[in-house]
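Novice: I am attaching a structure below and will ask some questions about it afterwards.
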Amino acid sequence: MSNFPYQKILVVRLSSLGDILLTTPLIRSLKKVNPKLEIHFLLREEYQDVMTNNPYLSKLITIKRDDPSSKTKEILSQNKYDFVIDLQNNLRSRILTYSLKCPKVRFRKLSWQKFLLVKFKINKLSETPPIPERYASVIHDLKLDDEGLDLFSDKKPLESLKGLTNLIGFCPGSRHYTKMWPKEYYIELGKKLTDNGFSIALFGGKEDKIICDEISFYLSKYINLCNDNDILQTAADMKMCKTIICNDSGLMHAACAVKVPIIAIFGSTVKEFGFTPYRCKNLILENKSLTCRPCSHIGKSSCPKGHFKCMKEITPQLVHNSLIRFLDL
């Protein structure tokens, strides 16, 4: 793609953490094609820090989760865009952008293909590119660079991290139970690692405080960095880790965006959905022997079969051995 003729565009991705981070290769690549391009980004206000320092954006526009859309629609209309990229593509994003008098493109969610894979295990997604490349495909002939995701933090790592050596990060939380490697497994792995000279850093947001506190109770050399959703501080602290062990979650993509090697444990979800670590050193651990995977494309509150083998059969010893090989120790 040698030219992008528009001068002022709107990119829409309202939520959530990981999905917003996965838009950053598209934004950076558009700006490289047309350095004079003015890019505005619309997202929910609780995620604005994810993009607040992004140098490729000209303006952030935020919206509250439950607010009526009328005020935001008026702001968008006044901005006089000449192109809209709707990467959310749901009812709300369509309502917000409907009245804008300019060309629009929208992300194809492949909902039917996901339904077939979840309900009937018919895999029409095996050749589907990862989400950042699918986002980019809404623009004809746009090619992404090799630089991966972006998360620009203006914060420094906490002073308390400087005395810890061989730091391994744990991100034990997730919004959905079936995407969470068991808490007792994180504890067992943490004990193995601290016995072998590693220190553990626990990462999470508001909703992860209980599980991070419970895990840290059983560990010796650790630091609990769970905070009130301060993603910029989390990003700065993650950079101090040799690697991060995580679930399929937004913090997985945050770690990827700050170029930290990742070991990701996938339970009820699968790589075919496209939400894998993008262009960073990574290892995905998953139980490929089960015919019940995937049981959901976003995760569930409990295992539909009752056995939760997708996670329970990925043992702490297996993850420990994988980590040692991953670090080339």
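The values are calculated or read from the model by the stated rules, or taken from the named source; none is laboratory data. Treat the numbers as computed from the prediction; the structure is a model and nothing was measured. Don't worry about glycine lacking a Cβ; one is built from the backbone with ideal geometry, like all the others, and counts go over all protein chains shown.
Novice: When you scan segment 218-297 for strands (runs of 3 or more DSSP E) that lie fully inside it, which ones turn up with 1 or more residues that are surrounded by fewer than 17 Cβ atoms within 10 Å (Cβ to Cβ)?
Specialist: Values: elements: 222-224, 243-247, 262-266, 282-286.
In segment 218-297, the matching strands (runs of 3 or more DSSP E) lie at 282-286.
Novice: Among the helices (runs of 4 or more DSSP H) contained in segment 82-190, which hold 1 or more residues that are closer than 27 Å to Pro304 by Cβ and not polar (S, T, N, Q)?
Specialist: 111-120, 131-136
Novice: Quick one: how many residues across segment 274-290 are of a type outside the set (Val, Ile, Thr) and under 21 Å from Asp150 (Cα atoms)?
Specialist: 9
Novice: Report the residue count in segment 66-88 for those that are on the phi < 0 side of the Ramachandran plot and touching a residue at least 40 places away in the same chain (Cβ under 8 Å).
Specialist: Of the residues in segment 66-88, 10 are on the phi < 0 side of the Ramachandran plot and touching a residue at least 40 places away in the same chain (Cβ under 8 Å).
Novice: Next question, about the same structure. Can you tell me which residue is surrounded by the most Cβ atoms within 10 Å (Cβ to Cβ) among those in segment 20-72 that are of a type in the set (Asp, Glu) and in a helix (DSSP H, G or I)? Talk me through it step by step, then tell me what you get.
Specialist: As a first pass, look at segment 20-72 and keep what is of a type in the set (Asp, Glu): 38, 45-46, 49, 66-67.
Next, from what is left, pick out any that are in a helix (DSSP H, G or I): 45-46, 49.
Working: Glu45: 14, Glu46: 15, Asp49: 19.
Among those residues, the one meeting the criterion is Asp49.
Novice: Modelled with pLDDT under 95, of a type outside the set (Ser, Thr, Tyr) and part of a loop (DSSP other than H, G, I, E, B): is that true of Ile314 in this structure? Give the steps one after another, and end with the answer.
Specialist: On the way: modelled with pLDDT under 95: no; of a type outside the set (Ser, Thr, Tyr): yes; part of a loop (DSSP other than H, G, I, E, B): yes.
For Ile314, the condition - modelled with pLDDT under 95, of a type outside the set (Ser, Thr, Tyr) and part of a loop (DSSP other than H, G, I, E, B) - is not met.
Novice: Residue pairs, Cβ under 8 Å, 6 or more apart or interchain, first in segment 253-270 and outside the structural domain of Ser16 (by TED's automatic domain parsing) and under 12 Å from Lys242 (Cβ atoms), second surrounded by fewer than 24 Cβ atoms within 10 Å (Cβ to Cβ) and of a type in the set (S, T, N, Q). List them.
Specialist: Note: pairs meeting the criteria are Val260/Thr243; Pro261/Thr243; Pro261/Asn282; Ile262/Thr243; Ile262/Asn282; Ile263/Thr243; Ile263/Asn282; Ile263/Ser322.
Novice: Of everything in segment 1-19 that's in contact with a helix residue (DSSP H, G or I) (Cβ under 9 Å, 6 or more places away or on another chain), over 20 Å from Ile131 (Cα atoms) and polar (S, T, N, Q), which residue is surrounded by the fewest Cβ atoms within 10 Å (Cβ to Cβ)?
Specialist: Only one residue tops the list, namely Ser2.
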